[in-house]
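Student: Pasting in a structure now, in structure tokens, and then I'll have a few things to ask.
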Amino acid sequence: MAQKTKQLSGFREAVADIPDGSTIAFGGFAMPGVPFNLIKALLEHGAKQLTLVANTTGGAQQPRMPDIGMLVENGQVKKVICAFTAATRPTDVLPFTPYYESGQVEAELVPQGTLAERMRAAGAGIPAFYTPTAVGTELAEGRETRVINGREYLLEYALPLDYGFVRARQADAFGNLRFHRSQRNFNPVIATAARCTIAEIDEPILPAGAIDPDDIHTAGIYVHRLVQVPPEPDGLWPTKRQERRR
Amino acid sequence: MSGTKGLTRQQMADRVALEFQDGWIVNLGVGIPTLCSNTDIGNRDIIYHSENGVIGYGPIAPAGEEDLNLVNAGGQNVTLRPGAAVVHHADSFGVIRGGHIDATVMGAYQVSRTGDFANWKLKGQKGGGIGGAMDLAACARRVFIILEHVTRDGSPRLVEQCDLPVTARGVVTLVATNYGLFEPTGEGFRLREIAPGLTVDEIRSVTGGTLTVADGLKPMQLAG
């Protein structure tokens with residue numbers, strides 16, 4: 001497998017060609033697996049009219065790390081597709097929420113499993129699927145449902161992506177990825193759904209073949225660009241969860 | 001939660017945890033439900049599943065020993081029990097949608113007499129916080145709810161009909177509040193166990209629908 005390396009020297013270079021209007025998904029669930037460094041580079045890059053896909057819009061924890069809310073504050077976002085437009089605790093206010101409530105940014109609120117499956121479907125060539133999730137709720141109003149074997153299901157469409165930002169523990173030069181613990185979360189499905197997947201990697205990029213093929217979580221065919229995360233303070237790393245500022 | 005009658009948050013969680021059977025795969029929601037994992041339920045082995053794909057997590061990691069890339073659904077740094085596995089998000093929700101979760105425990109704003117419940121959006125709010133709640137509610141084999149019996153202004157949370165947007169319909173089979181243990185019956189709620197210091201009449205006055213009382217009503221069973 002002769003392959004020129006996918007490794008780039010920096011995050012700026014990795015996001016340099018992202019045009020205005022792109023649809024970009026960010027992996028991550030709480031701190032683990034969030035591509036903080038790529039999000040920071042996108043903030044500096046300044047692409048606008050973006051549609052962003054992620055579980056949350058961020059800002060619920062301290063210290064605040066680069067998140068969708070910051071891209072919104074920076075005027076780069078048209079629409080967000082996520083499982084939370086508001087915090088779980090009604091008393092908490094996410095930085096994103098006022099922008100959404102005032103209509104400055106659109107949002108599509110999607111159940112978390114449906115969000116993951118819509119990206120999985122996009123990567124797997126399934127244009128749409130039926131799920132029991134959200135049947136009978138406000139989200140299903142006016143939408144297509146179908147009764148299969150006596151149970152009602154809601155039609156959901158695949159969610160293809162222009163770019164996917166992911167974070168993994170290890171990569172080889174071919175782009176094969178290995179995650180550590182709950183760093184995995186949405187990252188493998190995002191990689192399959194994106195036309196261009198950019199991965200930030202915790203450890204030095206290994207030569208192709210250094211990760212046993214049986215131990216690879218995301219095949220390198222889905223990964224197009226790799227950047228190693230430098231140590232702090234140049235690189236951003238997950239921190240210990242802090243109580244929210246009151 | 002100060003000034004409320006009856007059980008503490010941990011006691012409500014304890015009561016629900018006593019329902020767990022050996023070998024069950026259980027998903028605990030953020031907040032009070034998380035406390036179910038503290039309950040001593042003897043030698044029953046429970047496999048805790050978290051939305052982010054962790055199957056078989058254990059207690060919160062001791063200070064200084066956290067793996068910052070290992071969290072539960074609430075973002076807390078947890079540990080893994082022997083036999084744990086990690087899958088990606090689509091597979092994790094395959095576990096949920098595929099009917100492999102024996103029980104999910106969630107908080108809620110309201111539960112209706114027909115087993116509907118609401119926990120993702122407040123009245124008049126634009127958007128909300130769904131997370132994995134709708135997938136779990138629609139697909140877990142059992143949906144258990146823990147909530148304070150009344151709102152801050154004293155209104156019932158066990159209601160005839162949810163007036164908040166629902167998370168799923170007709171799925172709740174067991175509700176633990178600080179006043180007692182209940183089952184939605186269609187017409188109302190059946191009181192199975194009563195918390196210390198409460199009377200049936202008192203509970204009836206703050207419960208929607210028809211309150212029936214189980215034969216041989218018992219005091220609330222508590223752990224330990």
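The values are calculated or read from the model by the stated rules, or taken from the named source; none is laboratory data. Everything numeric here is computed off the predicted structure, so don't read it as measured data. Here the Cβ positions follow ideal geometry from the backbone for every residue, glycine too, while neighbour counts run over all protein chains shown.
Student: Could you check, for region A:202-216, whether at least one of its residues is in contact (Cβ under 8 Å) with a residue 40 or more places away in the chain, hydrophobic (A, V, I, L, M, F, W, C) and crowded, with 23+ Cβ neighbours inside 10 Å?
Tutor: No, because not a single residue in region A:202-216 is in contact (Cβ under 8 Å) with a residue 40 or more places away in the chain, hydrophobic (A, V, I, L, M, F, W, C) and crowded, with 23+ Cβ neighbours inside 10 Å.
Student: I need a count of the residues in region B:116-125 that are of a type in the set (Lys, Arg), more than 8 Å from chain A (Cβ to nearest Cβ) and crowded, with 23+ Cβ neighbours inside 10 Å.
Tutor: 0
Student: Another question, then. Report yes if residue B:79 is closer than 29 Å to residue A:180 by Cβ, modelled with pLDDT of 95 or more, out of contact with any His (no Cβ under 9 Å at 6 or more places or on another chain) and of a type in the set (Ser, Thr, Tyr), otherwise no.
Tutor: Yes; evaluated as a whole, the condition is true for this residue.
Student: Return the residues of region B:60-90 that are surrounded by fewer than 20 Cβ atoms within 10 Å (Cβ to Cβ) and touching a Gly at 6+ places or on another chain (Cβ under 9 Å); say none if nothing qualifies.
Tutor: B:74, B:79, B:80, B:81, B:82, B:83, B:84, B:85, B:87 - these are the residues of region B:60-90 that are surrounded by fewer than 20 Cβ atoms within 10 Å (Cβ to Cβ) and touching a Gly at 6+ places or on another chain (Cβ under 9 Å).
Student: Also: Could you tell me whether region B:90-97 includes any residue that is in contact with a helix residue (DSSP H, G or I) (Cβ under 7 Å, 6 or more places away or on another chain), among the small types (Gly, Ala, Ser) and under 20 Å from residue B:53 (Cβ atoms)?
Tutor: yes
Student: Give the residues of region A:154-200 that are facing chain B (nearest Cβ under 10 Å), in a strand (DSSP E or B) and of a type outside the set (A, V, I, L, M), sorted by residue number.
Tutor: Of everything in region A:154-200, just one residue is facing chain B (nearest Cβ under 10 Å), in a strand (DSSP E or B) and of a type outside the set (A, V, I, L, M), namely A:167.
Student: Pick from A:95, A:127: which is surrounded by fewer than 21 Cβ atoms within 10 Å (Cβ to Cβ), touching a residue at least 24 places away in the same chain (Cβ under 8 Å), more than 10 Å from chain B (Cβ to nearest Cβ) and in contact with a helix residue (DSSP H, G or I) (Cβ under 7 Å, 6 or more places away or on another chain)?
Tutor: Of A:95, A:127, the one residue that is surrounded by fewer than 21 Cβ atoms within 10 Å (Cβ to Cβ), touching a residue at least 24 places away in the same chain (Cβ under 8 Å), more than 10 Å from chain B (Cβ to nearest Cβ) and in contact with a helix residue (DSSP H, G or I) (Cβ under 7 Å, 6 or more places away or on another chain) is A:95.
Student: Whether any residue in region A:209-226 is in a loop (DSSP other than H, G, I, E, B), under 24 Å from residue A:118 (Cβ atoms) and among the polar types (S, T, N, Q) is what I want to check.
Tutor: no
Student: Test residue A:184 against the stated conditions and say whether it is among the basic types (Lys, Arg) and surrounded by 19 or more Cβ atoms within 10 Å (Cβ to Cβ).
Tutor: Yes: the conditions hold for residue A:184.
Student: Given the criteria part of a helix (DSSP H, G or I), in contact with a Phe, Trp or Tyr (Cβ under 9 Å, 6 or more places away or on another chain), facing chain B (nearest Cβ under 9 Å) and among the hydroxyl-bearing types (Ser, Thr, Tyr), does residue A:56 qualify?
Tutor: no
Student: Please find, among B:152, B:142, the residue that is away from chain A (no Cβ under 11 Å) and closer than 26 Å to residue B:96 by Cβ.
Tutor: On inspection, the qualifying residue turns out to be B:142.
Student: Now, a different point. Can you find, within region A:30-46, the residue that is farthest from the other protein chains (Cβ to nearest Cβ) among those that are crowded, with 19+ Cβ neighbours inside 10 Å and assigned to a loop (DSSP other than H, G, I, E, B)?
Tutor: So, considering only residues that are crowded, with 19+ Cβ neighbours inside 10 Å and assigned to a loop (DSSP other than H, G, I, E, B), the one farthest from the other protein chains (Cβ to nearest Cβ) is A:35.
Student: Name the single residue, out of those in region A:98-118 being part of a helix (DSSP H, G or I) and under 21 Å from residue A:21 (Cα atoms), that is nearest to the other protein chains (Cβ to nearest Cβ).
Tutor: A:100
Student: Considering region A:130-144 alone, what residues qualify as being free of Cβ contacts under 8 Å to residues at least 12 places away in the same chain and either in contact with a Lys or Arg (Cβ under 7 Å, 6 or more places away or on another chain) or more than 9 Å from every other protein chain (Cβ to nearest Cβ) (or both)?
Tutor: Selection gives A:141, A:142, A:144.
Student: Give region B:155-172 a look and list any residue that's at the interface with chain A (Cβ under 8 Å from one of its Cβ atoms), over 18 Å from residue A:115 (Cβ atoms) and touching a helix residue (DSSP H, G or I) at 6+ places or on another chain (Cβ under 7 Å), or say none.
Tutor: Scanning region B:155-172 gives a single hit, B:165.
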